[in-house]
1. Checking the table Lys199/Lys304; Lys142/Lys247; Lys232/Lys267; Lys91/Lys227; Lys227/Lys304 against a 18 Å threshold on Cα-Cα, which pairs fail?
2. Taking the chain as a Gaussian network, where each spring joins two C-alpha atoms under 10 Å apart, which residue of Thr77, Thr189, Thr23 fluctuates the most?
3. What is the local net charge at Gly79, summed over the other residues whose Cβ is closer than 10 Å to its Cβ (Lys, Arg +1; Asp, Glu -1)?
4. Which trypsin sites (Lys or Arg not before Pro) in the stretch 313-403 sit in a loop by DSSP (not H, G, I, E or B) and have at most 14 other Cβ atoms within 10 Å of their own Cβ?
5. Out of every Cα pair in the chain, what percent are spaced more than 39 Å from each other?
6. Would you please state which residues of the stretch 208-227 a label at Asp94 would reach in this model, taking the label point 7 Å out along Cα→Cβ and a backbone N cut-off of under 15 Å?
7. Quick one: accessible surface of Arg254, probe radius 1.4 Å, all protein chains present, in square angstrom to the nearest 10.
8. Can you work out the Karplus-derived ³J(HN,Hα) for every residue in the stretch 337-345? Use 6.51 cos²θ - 1.76 cosθ + 1.60 with θ = phi - 60°, whole Hz, and x for glycine or proline.
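The values are calculated or read from the model by the stated rules, or taken from the named source; none is laboratory data. Being a predicted model, the structure only gives us computed values, none of them experimental. Here the Cβ is made from the backbone with ideal geometry for all residues, glycine too, and neighbour counts use every protein chain on show. For accessibility, only protein heavy atoms count, side chains too; no ligands or nucleic acids. Shrake-Rupley method; radii C 1.70, N 1.55, O 1.52, S 1.80 Å.
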Amino acid sequence: MTHSFHPSVFDDPTLNVIHLLNTLSSENPEAISLASGRPDDEYCDPSLIHKGLARFTQYLADTDQSLATTLCQYGKTGGIINPILARYLYKDEDISVENADNIVVCLGFQEAATLTLLSVFDDGGVLLVPDPVFCGITGIAKLLGIRVVPVAMDIFLDPTALRLLARAIESAGDKIKALYVIPDFSNPTSDCLGLAERKELLALAEELDFFILEDNAYSYFRYEGSKVPALKALESRRVFYLGSFAKSIFPGLRMGYVVAPEGEGVKPFSTQLCKAKSLVTVNTPALCQAVVAGLLIEHQYSLKALNQPRVLAYQQKRNTMIDCLEHEFPYSLGVEQRVTWNRPAGGFFINVQLPFAFGYLQMCECANQFKVIVFPTSLFSLMNGASTQVRLSFSNASLEQIERAVSRLRAYVDFKQGNRRG
Ligand SMILES: Cc1ncc(COP(=O)(O)O)c(C=O)c1O
């Protein structure tokens with residue numbers, strides 16, 4: 001008997017993006033990559049592993065818990081460092097966690113998002129996402145069979161327009177169960193929501209009875225202006241706070257967490273999250289939890305000091321990239337040839353608007369012929385949006401690489417413009 005091949009969710013291009021980002025540069029070793037939002041290799045410091053573990057071992061010695069059992073046995077599903085994370089969240093994010101058992105320690109943001117979607121969407125409903133958006137959320141939502149409705153970024157950032165759209169979705173008979181947002185310096189477009197916009201989102205969630213999935217991956221990386229409170233710090237009842245130490249410690253630890261909604265009469269979601277986790281990964285490796293907890297204790301429950309040199313380095317890279325763009329693409333070029341970009345106040349990415357469409361094929365052409373890898377923003381879109389935009393990541397390139405990469409991008413743009421004119 002032969003098997004016929006039906007289209008499957010695994011054919012969906014969204015599911016390929018993370019893999020693509022992680023393999024592009026090894027396939028083009030001589031090209032400079034501005035594609036992936038990896039943290040700077042320089043701050044992926046293995047000595048943090050030893051430091052964190054040593055401090056956690058010392059901390060355990062003052063308790064009646066055995067090191068062997070804590071590190072080497074199966075562990076509690078929800079995590080073994082939850083009260084330490086609660087102190088950290090209070091100190092760095094002003095988030096008061098009433099009960100540390102409402103934190104579930106996960107393998108990175110990705111597992112936190114998986115468990116949260118599994119427990120919120122147990123009986124259908126719609127997930128609203130801004131568009132373009134990080135494919136980590138849309139990819140897993142699709143894999144779980146959840147209906148995703150993308151909202152163009154200009155509508156997403158306009159509370160009146162978003163309210164109208166959300167009401168229209170509900171009037172058509174669909175139930176919005178959750179909305180995903182990266183309030184501090186989103187991926188891919190580096191948008192940051194102001195306080196009023198955050199409060200409007202919380203009000204809309206209350207009005208239409210849905211949850212907000214708040215992703216904090218870039219919250220430390222602000223280069224100007226003052227911090228805006230997390231939605232979770234403003235109101236806990238409607239918010240699942242999805243945390244990650246990928247950028248603030250390093251991604252190889254695969255450490256993240258979810259803080260479930262809290263408040264009077266709120267459903268105890270942590271029970272469902274733990275049930276799902278017990279079947280997905282059983283528990284987060286105790287070794288990784290120990291490293292994070294030890295580092296938090298060592299740094300008085302704050303990662304601000306550890307991240308200060310990183311913030312300064314990323315800020316310098318952002319400034320250099322903007323200087324290079326201004327140099328290579330002067331505003332004096334005519335409207336038809338004009339290349340423009342945003343000036344993000346934080347995060348890892350600058351989005352450049354080109355005078356022509358830039359998709360997967362153009363990315364390959366640019367990488368193969370001009371030796372610079374830049375990522376089409378459209379690959380983060382579910383609505384064929386951002387077709388002329390390209391995401392440049394400055395986080396893991398040196399200043400000198402940024403200069404050379406932007407100059408190569410300029411050569412590519414000249415080549416395309418020449419072809420268009422010729
Ligand atoms: C928006 C966003 N959220 C979360 C993460 C971190 O995910 P993880 O903790 O699974 O590495 C990233 C990393 O690229 C990201 O861009």
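1. Checking Cα-Cα distances, Lys199/Lys304; Lys142/Lys247 exceed 18 Å.
2. Maximum among the listed residues: Thr23.
3. Once all neighbours under 10 Å are counted, the net charge is +1.
4. For trypsin sites (Lys or Arg not before Pro) across the stretch 313-403 that sit outside H, G, I, E and B with at most 14 neighbouring Cβ atoms in 10 Å, the list reads Arg338.
5. 21
6. 220, 225-227
7. Rounded to the nearest 10, that gives 100 Å².
8. 9, 5, 10, 10, 7, 8, 10, x, 7
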